[in-house]
Amino acid sequence: MAKIEEVKAMVEAGKAKLVPGLVQEALDEGSAAKDILQAMVGSMGVVGDKFSTGEIFVPEMLMAAKAMAKGVDVLKPLMAGDTSNSLGTCIIGTVAGDLHDIGKNLVSMMIESAGFTVVDLGVDVPHEKWVEAIKGNQNVTLVACSGLLTTTMPALKEAVQTVKASGLTGFKVLVGGAPVTQQFADEINADGFAPDAGSAAVKAAELVKSL
Ligand code: B1M
């Protein structure tokens, strides 16, 4: 079995101790970092489907997430780009009530490599904390809110509204996450939407250049 296939299988199986070594071996074998990342994202899709059908439960889903995070740690230095061209500070987090952070972490990594200084508020971010972070950091040009659950889409709306109603200016608001669409982003008055981490970085740079 090619190493990249082993990475996929071990992420699905939640083998956090084995995944970093296998990712390194896949790299040594000549696989590109972006292909290994894509393979691991695919594993999370499989894990999600198994959860939906009742084949696995939350603990297995969590173990898979940990395994993927360990794999991403190995890829991070290879995926980071030139950060010399500063686009300002990006405040990023996952909205209130939502604990999913793998996608948010990938977006954070890509945004950082696009030239932002990233301040990561983590997961389950209360609405008022976004505003505190904008006030507490210099040169905030982007607020990036992630939401992974249909049940936390209202929290995404509230986060955007809280930030917009704060009276603070000089930044744009980007939203994303599996259930989020351009239409929803427009409805909640976000400045931008991106469907994945790569396009989030492109959109972030585009938004900030129009400030
Ligand atoms: Co949860 N979970 N989960 N989960 N989980 C999903 C999302 C789900 C689709 C699984 C399923 O049922 N098939 C489902 C949501 C259903 C829905 O709302 N429609 C679900 C559920 C139901 C739940 C719980 C409610 C389960 C329960 O307790 N009964 C619970 C909720 C907890 C909470 O948050 N309050 C829960 C818990 C968990 C774990 C904690 C166990 C774990 C998360 C661990 C962690 O993140 N550290 C977990 C996991 C791992 C998943 C799946 C399997 C994988 C998520 C993931 O990391 N995907 C997921 C199923 C799936 O996605 N197919 C599932 C890989 C990641 C790279 O993709 O996060 O989509 P994603 O990010 C992408 C894009 O969305 C986009 O770019 C990223 C990279 O390309 N993106 C942005 C993300 N944020 C962005 C921000 C942007 C722009 C783009 O701009 C700011």
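Can you tell me which of V41, V118, V123 is at pLDDT 90 or above and near the ligand (Cβ under 8 Å from one of its atoms)?
Going through V41, V118, V123 in turn, the sole match is V123.
Regarding L99, is this residue within 30 Å of K164 (Cα to Cα), open to solvent by 70 Å² or more (accessible area, probe 1.4 Å), among the hydrophobic types (A, V, I, L, M, F, W, C) and modelled with pLDDT of 90 or more?
yes
Condition first: surrounded by 13 or more Cβ atoms within 10 Å (Cβ to Cβ), more than 9 Å from the ligand (Cβ to nearest atom), in contact (Cβ under 8 Å) with a residue 24 or more places away in the chain and hydroxyl-bearing (S, T, Y). Can you find one or more residues in region 25-38 that meet it?
Yes, region 25-38 contains at least one residue that is surrounded by 13 or more Cβ atoms within 10 Å (Cβ to Cβ), more than 9 Å from the ligand (Cβ to nearest atom), in contact (Cβ under 8 Å) with a residue 24 or more places away in the chain and hydroxyl-bearing (S, T, Y).
Say we look at region 51-62 and pick out the residues that are in a helix (DSSP H, G or I), touching a helix residue (DSSP H, G or I) at 6+ places or on another chain (Cβ under 8 Å) and of a type outside the set (A, V, I, L, M); which of these is farthest from the ligand (Cβ to nearest atom)?
Restricting to residues being in a helix (DSSP H, G or I), touching a helix residue (DSSP H, G or I) at 6+ places or on another chain (Cβ under 8 Å) and of a type outside the set (A, V, I, L, M), the top hit is E60.
Of all residues in region 183-211 being more than 8 Å from the ligand (Cβ to nearest atom), farther than 17 Å from E158 by Cα and open to solvent by 80 Å² or more (accessible area, probe 1.4 Å), which is nearest to the chain's Cα centre (by Cα)?
Looking at residues that are more than 8 Å from the ligand (Cβ to nearest atom), farther than 17 Å from E158 by Cα and open to solvent by 80 Å² or more (accessible area, probe 1.4 Å), I get V202.
Anything in region 116-143 that is more than 16 Å from the chain's Cα centre (by Cα) and open to solvent by less than 30 Å² (accessible area, probe 1.4 Å)? List them, or say none.
Across region 116-143, the qualifying residues are W130, V131, A133, I134, V140, T141.
May I ask you to list the residues in region 136-155 that are of a type in the set (G, A, S), in contact with a helix residue (DSSP H, G or I) (Cβ under 8 Å, 6 or more places away or on another chain) and more than 8 Å from the ligand (Cβ to nearest atom)?
Residue satisfying the conditions is A155 alone.
Look at S86 and say whether it is within 30 Å of S210 (Cβ to Cβ), surrounded by fewer than 18 Cβ atoms within 10 Å (Cβ to Cβ) and of a type in the set (G, A, S).
So S86 passes the test.
If E158 meets every condition in (1) surrounded by 21 or more Cβ atoms within 10 Å (Cβ to Cβ); (2) touching a helix residue (DSSP H, G or I) at 6+ places or on another chain (Cβ under 6 Å); (3) in contact (Cβ under 8 Å) with a residue 40 or more places away in the chain apart from one, which number is that one?
(1)
The values are calculated or read from the model by the stated rules, or taken from the named source; none is laboratory data. A quick note: this is a predicted structure, and the numbers were derived from the prediction, not measured. With ideal geometry, Cβ positions are generated from the backbone for all residues, glycine too; neighbour counts draw on all protein chains shown. Keep in mind that these areas ignore ligands, DNA and RNA; they rest on the heavy atoms of the full protein, side chains included. Shrake-Rupley method; radii C 1.70, N 1.55, O 1.52, S 1.80 Å.
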